Amino acid sequence: MTALITRIPTSTDDERKPAAVVGVDAQICADPLVAEYFHPGKASISGIAAGTDQPFAWRGLKTGVRMTPAEAGYQPTYVADGGSGYGALKFGSGANAGLSGGSLSDTHNGALACPLDALLFPPQDDAMGIANPYSIVVACKTPASAVGDDIYPGAIAGTMTRFPDSTSVNQNDWAGIGIGLGSISENRGFFAGRGLVGAAVSTSNDATDAWVILSGIFDLAGNQYVLRRNGVQVAVTAVTQSAPTAERAGYRQLRIGSAGDIGAAIERTYIGQIGAVAIMHAAGNAGSGLTSMQRIEARLKAMYGVA
């Protein structure tokens, strides 16, 4: 049987028309373990310049869910800063293309949030006896000198609940990737979990103005949090999820560039660039989950010139 495939050009200014997904990116999106894949190409980002194609949205390539500004009038700045010419979103500094104008800062960093009904993470509800593993992969580039603060707040991408201001990464109400939150992890990548407190923290300084791929894993079967850096496992912390991740009313399933909740100040904002975010409904440290994780990590390393 012969199949004729016709490629139809699409307008990136029309959110009803999805971006073309080919090659390894198409393989990632087709993977049943991958819940969503936010790619840094211009075709999946609208509203990247002041006064054009508003409102701003970063659309996932798999389901099309939209990440939009968590704070009215502020949005990250799109920059062409990938190792192979790929773009990235700059948070916390630089021009603000949002309606408020001015510049981004650690207070108004352009953080993004998904709709309340976007089920990007698998269900977690201790009362219902439901618990599922998940993984987050991010490409990030953090400046070597702090901007507007003497430490790096650094909540890059995480799920569901607020990450309060603290000097410790050991929080019991957030799960996600960060860098340099507080004194015990300054300038280091970490994956902080929910339930019983815990975090897997890297020993590497990643506030070097260089791209790094960080992968955080909630391994339910192994009762551990795992952190991978540039495709290599670098930290494991054993945990017992006493109350897994019961979603709290009004909280977001995903934030990029900060943590926070509806009606509260956006806290622990990230300063730096985020190039891509992928979420898996699987533990990415073994079996088919590891295979999927390695495909994503290899793709992002190639995009951003990471060895």
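The values are calculated or read from the model by the stated rules, or taken from the named source; none is laboratory data. In this text, all values refer to a predicted model and were calculated from it rather than measured experimentally. Glycine also receives a Cβ, built like all others from the backbone with ideal geometry; neighbour counts cover every protein chain displayed. Areas reflect the complete protein model, heavy atoms only, side chains present, ligands, DNA and RNA absent. Shrake-Rupley method; radii C 1.70, N 1.55, O 1.52, S 1.80 Å.
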Subset tally (residues that are over 18 Å from G275 (Cβ atoms) and among the acidic types (D, E)) for the stretch 204-219: 1
Odd one out for V234 among (1) out of contact with any Gly (no Cβ under 7 Å at 6 or more places or on another chain); (2) part of a loop (DSSP other than H, G, I, E, B); (3) at pLDDT 75 or above; (4) of a type outside the set (K, R): (2)
In the stretch 72-105, residue surrounded by the most Cβ atoms within 10 Å (Cβ to Cβ) [restricted to those that are under 21 Å from V212 (Cα atoms) and touching an Asp or Glu at 6+ places or on another chain (Cβ under 9 Å)]: G92
Residue count, the stretch 21-72 (criterion: part of a strand (DSSP E or B) and in contact (Cβ under 8 Å) with a residue 60 or more places away in the chain): 7
Qualifying residues in the stretch 112-155 (those that are open to solvent by 10 Å² or more (accessible area, probe 1.4 Å) and not in a loop (DSSP other than H, G, I, E, B)) - the one modelled with the highest pLDDT: K141
Boolean, P9 is assigned to a loop (DSSP other than H, G, I, E, B) and at pLDDT 90 or above: no
Any pair with Cβ under 7 angstrom, 6 or more apart, that starts in the stretch 279-307 at a residue that is surrounded by fewer than 22 Cβ atoms within 10 Å (Cβ to Cβ) and ends at one that is of a type outside the set (A, V, I, L, M, F, W, C) and assigned to a helix (DSSP H, G or I): R295/Q27
